[in-house]
1. Using the number of other C-beta atoms within 10 angstrom as an exposure proxy, rank ASP119, ASP198 with the fewest first.
2. Using R₀ = 30 Å, calculate the FRET efficiency as 1/(1 + (r/R₀)^6) where r is the Cβ-Cβ separation of ARG188 and GLN14; round to 0.05.
3. So between THR218 and ASP119, what do we pick up on full extension, going 0.36 nm a residue minus the alpha carbon distance?
4. What Cys residues in the chain have no fellow cysteine's beta-carbon under 4.7 angstrom?
5. Please give, to one decimal in nm, the separation of the simple spin-label points placed at SER175 and ARG28, each 7 Å out from Cα toward the Cβ.
6. Can you grab the distance from the C-alpha centre of region 167-218 to the C-alpha centre of region 77-122, Å, no decimals?
7. Applying the Karplus parametrisation 6.51 cos²θ - 1.76 cosθ + 1.60 with θ = phi - 60° to the phi angles of region 187-202, what ³J(HN,Hα) value in whole Hz is obtained for each residue in order, glycine and proline being reported as x?
8. So, counting K/R as plus one and D/E as minus one, what does the shell of residues with Cβ under 13 Å around ILE81 add up to?
Amino acid sequence: MNLAEITSLNEQIQEMVKGMNLPEDAARTIMEGLAQVKSEAPCQGLPIGQKAPDFRLKNQHNDEVSLTETLAAGPVVLKFIRGAWCPFCNLDVAALQRVLPQLEELSASLLVINPQKPDKSQVLQSSHSLGFDILSDENQQVIQAYHLQFTVPSQVQEVYKQFGFNLPELTADGSWNLPVPATFVLDRNGVIRARHVDLDYLHRMEPADIVDAVRYLTDSVVAR
């Protein structure tokens, strides 16, 4: 089946997984590693109702982007991804591009944060002709501030390297640290009003649900 014909992002991801034919032992090692991280690391993300920490990061063009300045124009959808190397993150941003016109109609901005350098962000942006910024959190301080950072367990590191994903060569800080894939919908005051945080990188917030969350914010403002 052509992935472009599948409207659900999570269905696209599952279809891609099937096509990869990942060996059972490798898949089991990854899932066991994620379970280990979930039991040990405080990386559940910030809760609904909390004000999102401000930041200023460079985009794919090396221009600085401020959360506060972006919020001045309206709600912000803030997404954290693992990087341009991740095939599922590529599906994620491509799906976001398809709903970008709907978000813009609601005066919402979309910002995507990853732990790679701006040149990698540029590759991701160009590959999918994205109309939104891909920001580089090179020292992962923003990822930490949003309580999303974790270290890939050693047994999973070996699996990643087998498939050509040696993260110290891919992350800007040269580490095995990554963000939990996450989506936060912020109102104009920067308060988190909806979120999706899942250590299992195969589960993402559906773009349609993101649009609905932003529309709810807009409708709530109009109703006041």
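Coordinate-derived values only; no laboratory data. As the structure is a computational prediction, the values presented were derived from the model and not from experiment. Every residue, glycine among them, receives a Cβ derived from its backbone with ideal geometry; neighbour counts consider all protein chains shown.
1. ASP119, ASP198
2. Working: r = 35 Å, r/R0 = 1.17.
Between ARG188 and GLN14 the formula returns 0.30.
3. Working: separation 99, 0.36 × 99 = 35.64 nm, distance 3.46 nm.
Between THR218 and ASP119, full extension yields an extra 32.2 nm.
4. Result for the chain is CYS43, no neighbouring Cys Cβ within the cutoff.
5. Here the modelled spin labels are 3.2 nm apart.
6. Distance between centres, Cα-based: 9 Å.
7. 6, 5, 8, x, 8, 6, 10, 8, 7, 9, 10, 8, 4, 6, 5, 7
8. Values: positive: LYS79, ARG82, LYS120, ARG204; negative: ASP92, ASP133, ASP137, ASP198.
Around ILE81, the surrounding residues sum to 0.
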